[in-house]
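Quick notes on the structure that follows.
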Amino acid sequence: MDDVEVAQADIAAVPTTFDESVVLLDVREDDEWQRGHVAGAQHIPMGDVPARMAEIDPDAELFVICHAGGRSLRVAHYLARNGYTPVNVDGGMLSWVGAGRPVVTDDGSAGSL
């Protein structure tokens, strides 16, 4: 089923800031997102991605992240089969936090996993 290759990025290769040209797509569930997420990330839970693909800019550099890297890899394969060029964040949010990178809540205060 996963006949497309998806690039994997070590956390050191993932940018720390995101804008229109570089997107970090967080595919975790709402409760995980609310506990803590990367500032500037785009949140679409894994199950909502097929219905909300139009919200994902096909021209942006696209990194996909989840808690540990499994769900994001599945979403990345799906997106790759649909014309995107996603990069899966190896190790997910666990690697992000493990690298000492900040996590915030919706109100901008410090978050957690």
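For a Förster distance of 30 Å, can you work out the FRET efficiency between the beta-carbons of residue 112 and residue 20, rounded to the nearest 0.05?
Calculated transfer efficiency: 0.60.
I'd like to check one number: the per residue accessible area of the chain, probe 1.4 Å, reported in Å² as a whole number.
I get 51 Å² per residue for this part.
Please report the carbon-and-sulfur percent of the accessible area for region 8-100; probe 1.4 Å, protein heavy atoms only, DNA, RNA and ligands left out.
Carbon and sulfur together cover 49 percent of it.
Taking amide H positions as placed in the peptide plane 1.01 Å from N, state which residues far from residue 7 in sequence (5 or more) or on other chains have amide H under 5 Å from it.
Residues meeting the amide H criterion: 88.
Can you give the % of DSSP beta bridges in the chain that are antiparallel, to the nearest 5?
Bridges in the chain that DSSP calls antiparallel: roughly 15 percent.
Counting Lys +1, Arg +1, Asp -1, Glu -1, what net charge surrounds residue 67 among other residues with beta carbon under 10 Å of its beta carbon?
-1
Between helix 70-81 and the chain, what is the angle of the helix's C-alpha long axis to the longest principal axis, kept within 0 to 90° and rounded to the nearest 10?
With both axes taken from Cα atoms, the answer is about 40 degrees.
Where in the chain lies the longest segment free of GluC sites (Glu not before Pro) that are both loop residues by DSSP (not H, G, I, E, B) and have at most 10 other Cβ atoms within 10 Å?
Counting only loop sites that pass the neighbour cut-off, the longest clear stretch is 21-113.
Given Cα positions, please report Rg to Rh for region 14-113, the hydrodynamic radius being the Kirkwood one.
Radius of gyration over Kirkwood radius for region 14-113 works out to 0.93.
Among 89, 38, 49, whose mean-square fluctuation peaks in a Gaussian network model of the chain (Cα, cutoff 10 Å)?
Ranking 89, 38, 49 by mean-square fluctuation puts 49 first.
Skipping prolines and chain starts, which residues have an amide H placed within reach, meaning under 5 Å, of the one on residue 22, given they are 5 or more residues away or on another chain?
Those lying under 5 Å, H to H, from residue 22 are 61.
So if I take the centroid of the Cα atoms in region 1-48 and the same for region 69-97, what is the distance between those two points in Å?
For region 1-48 versus region 69-97, the Cα centre distance is 7 Å.
At a Förster radius of 35 Å, what calculated FRET efficiency corresponds to the Cβ-Cβ distance of residue 12 and residue 82, to the nearest 0.05?
0.80
The values are calculated or read from the model by the stated rules, or taken from the named source; none is laboratory data. Treat the numbers as computed from the prediction; the structure is a model and nothing was measured. Using ideal geometry, Cβ is built from the backbone for each residue, glycine included, and neighbour counts are taken over all protein chains shown. Note: areas computed on protein heavy atoms with side chains; ligands, DNA, RNA excluded. Shrake-Rupley method; radii C 1.70, N 1.55, O 1.52, S 1.80 Å.
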